[in-house]
Each structure stands twice: as C-alpha cells, then as structure tokens.
Amino acid sequence: MAVARLVGVKGMNDILPKESGRWQRLEEVVAAWARSYGYAQIRTPIVEPTALFSRGLGVVTDIVEKEMYSFEDSLNGEHLTLRPEMTAGVVRAVIEHNLLYDGPKRLWYMGPMFRHERPQRGRYRQFHQIGVEALGFAGPDVDVEVIAMCQRLWDDLGLSDIVLQANSIGDVAERARHRVDLIAHFEKYQDSLDDDGRRRLQSNPLRILDSKTAAMQSVIESAPRLLDYLEPPAREHFEGVQAGLADLGIKATVNPRLVRGMDYYNRTVFEWVTDKLGAQATVCGGGRYDPLVEMLGGKPAPACGFAIGVERLLDLVGQAEDLPVLGSVDVYVVSSGAGTGSAALRASEQLRAAGLDVLMHAGGGSFKSQFKRADASGAALALVIGEDELARGELGLKCLRDGSSTERPAAAGPGRQLSVPVDRLVETVVDALLDDGGVH
C-alpha cells in the first residue's frame with residue numbers, strides 16, 4: 001500500500017536554497033541599515049498569550065476576529081496565539097524587562113508572522129516582516145526619522161516605484177467626537193454598506209473608511225474627515241511631520257481616509273504603496289501608537305514604528321534586479337585518488353580559517369563529474385587534489401570564472417590551471433580572489 005505524500009500547509013511556503021540567498025542578502029542589507037540609525041535588534045517568541053493581541057490590537061479588528069491562529073495549551077489550559085504581528089510582542093517584552101528604565105529605545109526585528117487568510121500573491125498565511133519600533137520619543141522628529149528610514153531602505157535596494165501616503169487620526173477625544181458623527185453618517189446609508197461595514201458600524205466605524213468595496217466608495221468619500229476634528233496638539237504634531245519630510249525632500253500625499261487595522265494607533269499613520277504588486281499595494285505600514293504601552297500594563301510611554309512585508313519587498317527587488325543573490329562559494333574542492341580525501345578536508349579547513357567560503361565535493365566520482373558540480377556551484381576557483389599533485393607536495397588551482405586570476409602577475413582565463421605548493425595554498429587562493437574582487 002502506497003504511503004500518502006505529505007505537503008506543506010497552504011499559504012505557508014518553503015524558502016528553497018535557490019531563493020534563500022536573496023533572503024540572506026536582504027537580511028545583511030537590513031541589519032546594516034538598522035545599525036546606521038542606531039537601532040538594536042530584538043527577537044521575541046513566535047507564540048504569545050492570546051490576550052496580548054485581543055487587548056492591544058482590538059477585539060473587533062479583522063486580525064483578532066478572523067485571522068489569528070489561536071489554541072489552548074493542552075498541558076495547562078493557556079490560551080496562546082501564533083503572532084499575527086510583532087509590535088505588541090515587542091512592547092510586551094519592553095514592559096516585562098523594563099527596557100525603558102534608562103531612557104528611550106530604538107529597536108528593530110525581522111521574522112515570521114501568521115494570519116489565516118486566503119493565500120494570494122504577496123499575502124500568505126506565514127509571512128515575514130521587517131519592523132522598527134522607537135519607544136519613549138514623543139515628538140514629530142521621530143515620526144519623520146522612521147519614515148526617512150523607509151526611504152533610505154528603498155534607495156539602498158534600488159526601488160523607486162513606492163509612494164508615501166500619510167494621515168493623522170488624532171487622539172482619543174478627537175476620535176470619540178469623530179466617531180459619533182461617523183456613525184450618524186453611515187447610518188443614513190446602511191443599505192449601501194457591505195456585511196463588514198454593517199458589522200463594524202457600532203463597534204469600529206473608523207475601519208469602514210478602509211473598505212475597498214467599490215459600491216461604498218462614494219459614501220466613504222462623503223464621510224466626515226478626522227483631520228477636521230484635530231485639536232492644536234495633534235494638528236501641530238502632524239504639521240511638524242509634514243514639515244520634516246519636506247525638509248528631507250520626501251514627498252508625502254495626505255490621504256484623509258487612511259487608517260490602520262489596529263486599535264493602538266494614534267496621530268501619525270502612514271503607508272508606502274506601489275502599483276507593482278497587483279492587489280497588494282501596501283509594502284510598508286506604520287505610525288504612532290502612544291496608547292499601547294499603557295494598554296499592555298506599562299507606564300505610559302510614546303512610541304512610533306512600522307512593519308515591511310518581506311515577501312512583497314523581495315518581489316519588488318526581483319523586478320528591479322538590484323539585489324545581488326548570495327549562495328555561491330569562493331572555492332570548490334575536488335579530489336580523487338588514495339589519500340586525497342584527507343588532504344581535501346585539511347585544505348578546506350585551512351581556507352575556511354582564512355575567511356573563505358568553501359564547498360568540498362563529497363560522494364566520489366570522476367574529476368569530470370566533480371568539475372561539473374564545481375562549475376554549477378558558482379565558485380570562482382576549483383582546488384584540485386590528485387595523487388600525483390600530492391606526491392609532489394602541490395595542489396591544483398583552476399579558474400572557473402572570467403576575471404579570476406590564478407597566476408601573478410599574468411592572469412589566467414577560465415580553464416587554466418596552476419600548480420600551487422601546499423604551504424602557499426592560502427595566500428595564493430586569497431590573491432587570486434582579490435584580483436577578482438571575490439574576497440569578502
């Protein structure tokens with residue numbers, strides 16, 4: 001009886017070796033970018049208490065109502081959830097470990113999130129986010145900084161077709177007054193609302209403004225604008241954000257209908273959007289969330305941040321073809337004959353100790369078949385170890401790519417092989433790779 005073949009969960013994708021090099025390269029770029037702004041990395045668990053998200057995100061948000069992977073721990077009855085986003089978890093960690101005791105913190109993260117959605121391009125059940133959180137900063141200058149960070153990352157990755165939309169959703173009292181008028185407005189047009197709109201009418205009417213239902217757009221456009229309800233502190237804060245962005249030459253379109261899907265946001269909200277990803281236009285979303293620290297049990301503290309969808313970002317990078325792919329090695333070691341296996345191991349470790357990436361052939365085979373593997377590996381050089389070479393105290397070094405030099409001062413093209421004394425192996429290989437620009 002044949003055993004049924006098992007496959008992965010729909011919408012939770014494998015990242016295969018051919019693709020993982022692009023992820024590694026992006027991670028390197030992101031780590032350097034975050035460091036350049038003084039942000040330190042934080043890593044939090046994938047599983048968190050369900051209450052963290054129902055309290056922080058809001059019980060009537062789509063995420064909490066329909067999208068979370070939640071379960072009861074069979075051992076102790078705890079209600080747990082695979083994190084659908086990471087801001088709440090970061091704030092929980094900041095409170096739990098009292099990270100703000102000695103002043104504000106700039107933090108960044110990268111990792112998987114989980115939401116039960118209908119999988120489509122750029123929207124998966126397991127997806128990844130890059131995010132930053134600036135905690136303890138109240139002024140508009142930090143709002144400007146985190147938005148400028150996004151622009152810097154787009155520039156670093158060679159992306160140009162991403163535009164900024166921004167809005168202010170004010171503070172609690174302003175939203176309360178706006179909410180009364182918003183409900184009254186939508187009640188006049190209940191027949192035009194879809195099921196989600198009618199469900200949210202009393203519980204979370206602000207989210208109706210985010211609806212993409214075509215039949216509701218005229219009703220949404222005529223709804224009261226939150227910007228018109230802002231008191232001087234919130235208005236001046238948003239004006240400060242706009243002035244700061246203008247000073248940096250970052251163009252922002254004010255979108256008065258822009259809201260975010262979590263209850264913890266206040267004042268500045270923003271999204272970076274593109275027309276290059278089909279229906280999933282948002283690449284990055286964020287804003288200010290001053291109420292969240294207190295909502296989760298900490299002492300009141302202002303905060304601002306954003307999250308970027310990694311899969312969507314890599315899609316854009318692939319279209320721009322501006323992110324070099326990692327995965328190739330510096331040297332591929334081939335060997336055949338008595339005693340050459342041990343010599344290959346020793347030589348490989350010597351080269352790795354010198355900081356090189358080395359792939360040693362395993363499993364035997366003829367030199368011809370091994371060189372096919374060497375060429376396919378993307379390595380710049382092949383180290384060739386045979387019985388005759390070993391008997392002479394030498395190793396062979398073969399150039400596999402245009403531009404790699406295996407002779408000094410005369411350069412050798414692809415296919416040329418040089419005999420190298422065993423005791424000069426490392427310096428010869430390093431020199432050859434430096435000539436090619438391949439040493440990292």
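At a glance:
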quantity	calculated
Anchor Lys372: lysines whose Cα lies under 25 Å away (excluding residues fewer than 8 positions away in-chain)	Lys18, Lys398
Angle in degrees between helix 232-247 and the longest Cα principal axis of the chain, rounded to the nearest 10	30 degrees
Nitroxide proxy distance, nm - points 7 Å out along Cα→Cβ at Gln24 and Arg43	1.7 nm
Part-to-part distance (alpha-carbon centres) for the stretch 115-184 and the stretch 337-354, which is given in Å	52 Å
Extended-chain gain in nm, criterion 0.36 nm per residue less alpha-carbon gap, Arg225 and Val3	73.9 nm
Entry for mean projected area of the Cα convex hull in nm² (calculated from the structure that is shown) out of (1) 22.8; (2) 26.1; (3) 30.0	(3)
Ala51 paired with Asp194, simple spin-label distance in nm, labels 7 Å along Cα-to-beta-carbon	3.5 nm
Three-way shape label, the stretch 6-149, alpha-carbon gyration tensor, a/c 1.5	oblate
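Taken together, the values in this text are just the output of simple stated rules run on the coordinates, not laboratory data. The structure displayed is predicted, hence computed values, not measured ones. Ideal geometry is used to build each Cβ from the backbone, glycine not excepted, and the neighbour counts take in all protein chains shown.
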